[in-house]
Amino acid sequence: MYRTIQDSPADWWRSAVIYQVYPRSFADADGDGVGDLPGITSRLDALAELGVDAIWLSPFYRSPQHDAGYDVSDFCDVDPLFGTLEDFDALAARAHELGMRVVVDVVPNHTSSDHEWFSAALAAAPGSPERARYIFREGKGPDGAEPPNDWQSVFGGPAWTRVTEADGTPGQWYLHLFDVTQPDLDWTQEDVRASFDDILRFWLDRGVDGFRVDVAHGLVKADGLPDYTAEEKKGAALGDPATPSPYFAQDGVHEIWRRWHDVVTAHGPDKILVAEAWVQPLPRMALWVRPDEMHQAFNFAYLMTGWDVAELREIIDDSLSSFGAVGAPSTWVLSNHDVVRHATRLALTVFNPQGHGLGPHSPGLPDVEHGIRRARAATLLMLALPGGAYLYQGEELGLPEVLDIADDLRQDPTWFRTQGERFGRDGCRVPIPWEADAPAFGFNTTGESWLPQPADWAPFARDAQRGMEGSTLELYRSALTLRATHALGTGTFAWADAREGTLAFDNGDIRIVTNIDAGPIPLDSLGSDVILASTDLDGALPADATVWLRRDA
Ligand code: NOJ
């Protein structure tokens with residue numbers, strides 16, 4: 001019925017479409033308002049029907065959930081909120097049965113402050129091996145009352161917190177590039193490295209097909225932990241090329257990825273590592289996917305590109321050449337759990353920095369229909385590019401960012417650490433709608449939802465779109481089918497002549513034309529059969545639309 005994994009080649013990932021499942025918000029079998037592993041398993045058929053090659057699961061490990069599970073207190077167990085290890089096994093088995101591989105998250109830059117390693121570090125004295133697993137330092141100033149340096153947390157506020165020693169006196173400081181509950185590990189320690197080898201093996205032994213590696217540009221910090229947050233460098237926390245950071249993209253991370261490459265491929269030539277590395281420019285990011293390091297890296301530079309002909313041309317060229325130069329495929333991605341959904345983001349009229357999020361009165365908000373129209377055009381453009389593509393749950397339904405979340409229901413640590421100045425990422429994490437006429441739109445049967453779903457989401461529900469001609473779900477399904485039958489993922493790329501305001505390129509026997517902001521283009525001037533379109537065509541390709549055409553027509 002479905003493709004089988006056994007039939008797919010070891011380098012399946014070079015052209016794969018990988019669907020990100022955000023467990024909290026996918027499907028909730030026990031009805032407590034937070035999604036879980038049995039919920040995911042029960043809905044996997046829908047993903048096989050969609051036609052994805054693999055799923056990537058965001059963290060479901062033991063965690064106090066201060067950063068939605070990216071604060072892990074036990075890397076080798078499932079948090080009871082999400083189920084059990086047996087539930088994970090059942091999920092992986094069912095995914096494999098349906099022909100989909102399973103990639104899981106691994107979070108090596110930090111642990112939760114609830115991790116036993118951190119409890120042991122707090123209980124032990126300064127200078128102890130327990131403290132050495134983390135980055136503890138004396139403070140500055142006569143009483144050590146100032147943080148060791150001026151680094152800022154990615155979520156806002158200082159990146160250091162002072163502990164109270166066992167005798168009750170104010171003590172050392174520890175580094176946390178993210179929340180105060182996410183202390184950074186010290187990757188110069190062999191003990192830490194060896195522990196993570198074991199964590200990778202634990203999940204490989206359970207049958208996972210790869211790992212998405214969180215903060216893969218972090219882990220190694222510059223010797224001496226030099227100050228960094230000069231005024232002109234603020235905002236560069238996620239890897240601005242002009243401002244090399246002492247805690248991101250340090251050369252020392254690469255030896256870790258070489259070691260991981262060996263650990264992972266020892267379990268099979270088809271096991272993969274995917275870097276979440278916010279590194280610019282792209283030729284630098286491509287260092288993460290050299291043949292003996294990781295397999296793929298998320299192309300965030302592409303994700304961040306606006307709806308603009310010149311910018312899109314440049315980033316596509318740059319992606320293909322930068323990754324190509326190291327023999328890696330490019331990846332393409334438009335949405336994930338950290339960014340404003342592309343059905344809203346691409347039509348914003350005001351720049352919105354990553355991580356800041358949107359509220360109901362943010363400036364430059366687009367009309368919902370316009371945003372969806374543009375998102376569909378952008379998706380068809382992306383899915384025709386050679387390489388791997390990542391989808392984020394709900395984008396196949398055309399979901400926009402949720403803007404109207406009451407202050408007291410927001411959960412992202414960014415919101416708290418900036419005292420509400422940044423909304424953060426809750427708006428893209430709302431549980432997705434499955435059934436138009438069910439409690440919580442079929443997310444569960446109780447109607448509970450950890451973030452409130454908008455009351456008007458029924459038209460987005462999967463069952464409302466399934467089989468409905470022209471729906472976003474059917475558009476994605478057709479695109480994935482055609483992408484597979486025309487082998488676009490492993491295909492070739494060549495720009496074609498295009499009129500101003502548009503982009504056109506050929507991949508194998510398909511021509512792709514995207515009208516960004518030109519007037520309607522008569523279809524007969526494009527001279528080929530349309531096989532897929534992001535919008536209704538009335539004899540012409542309007543702005544904010546993409547078509548796939550058969551070249552040999
Ligand atoms: C990147 C993850 O995608 C994000 O959700 C998380 O908050 C940070 N890393 C910290 O782990």
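The values are calculated or read from the model by the stated rules, or taken from the named source; none is laboratory data. Bear in mind that the values here come from a model prediction, so they are computed numbers and not experimental data. Here the Cβ positions follow ideal geometry from the backbone for every residue, glycine too, while neighbour counts run over all protein chains shown. For the accessible areas, the whole protein counts, side chains as well, though only heavy atoms, and no ligand, DNA or RNA atoms are used. Shrake-Rupley method; radii C 1.70, N 1.55, O 1.52, S 1.80 Å.
Of note:
- Restriction of the GluC sites (Glu not before Pro) in the range 365-473 to DSSP coil positions whose beta-carbon has at most 11 other beta-carbons within 10 angstrom yields 421, 469.
- Extension gain (nm, one decimal) between residue 321 and residue 32, 0.36 nm per residue minus Cα-Cα: 99.3 nm
- Within the range 473-553, chymotrypsin sites (Phe, Trp or Tyr not before Pro) in DSSP loop having at most 12 other beta-carbon neighbours inside 10 Å: none
- For the range 116-175, with +1 on Lys and Arg beta carbons and -1 on Asp and Glu, the positive-most of 136, 168, 125 along the dipole: 136
- In the full protein context, the range 116-175 carries 47 Å² of accessible surface per residue, based on a 1.4 Å probe and ignoring ligands, DNA and RNA.
- Efficiency of FRET from Cβ geometry, residue 538 and residue 292, R₀ 60 Å, rounded to 0.05: 0.70
- Between residue 202 and residue 351, the simple spin-label model (points 7 angstrom out along Cα→Cβ) gives 4.2 nm.
- Computed log₁₀ I(q)/I(0) - Debye formula, equal Cα scatterers, no solvent, the chain, q 0.08, 0.13 Å⁻¹: -0.51, -1.42
- For the chain, the longest principal axis of the Cα atoms and the long axis of helix 472-485 meet at an angle of about 80 degrees.
- Report summary: the helix-based calculation at 222 nm, which adds -39500 (n - 2.57) for every DSSP H run with n ≥ 4 and divides by the residues of the chain, gives -7000 deg cm²/dmol.
- Given charges at beta-carbon only (K, R positive; D, E negative), |dipole| of the chain in Debye: 940 debye
- The distance between label points at residue 140 and residue 254 comes to 3.1 nm (points 7 Å beyond Cα on the Cα→Cβ vector).
- Helix 85-97 and the longest principal axis of the C-alpha atoms of the chain enclose an angle of approximately 30°.
- Of the solvent-accessible surface of the range 116-175, computed with a 1.4 Å probe over protein heavy atoms with every protein chain present, carbon and sulfur atoms account for 55 percent.
- Think of each Lys and Arg Cβ as +1 and each Asp and Glu Cβ as -1; about the Cα centre, that makes the dipole of the range 415-523 roughly 340 debye.
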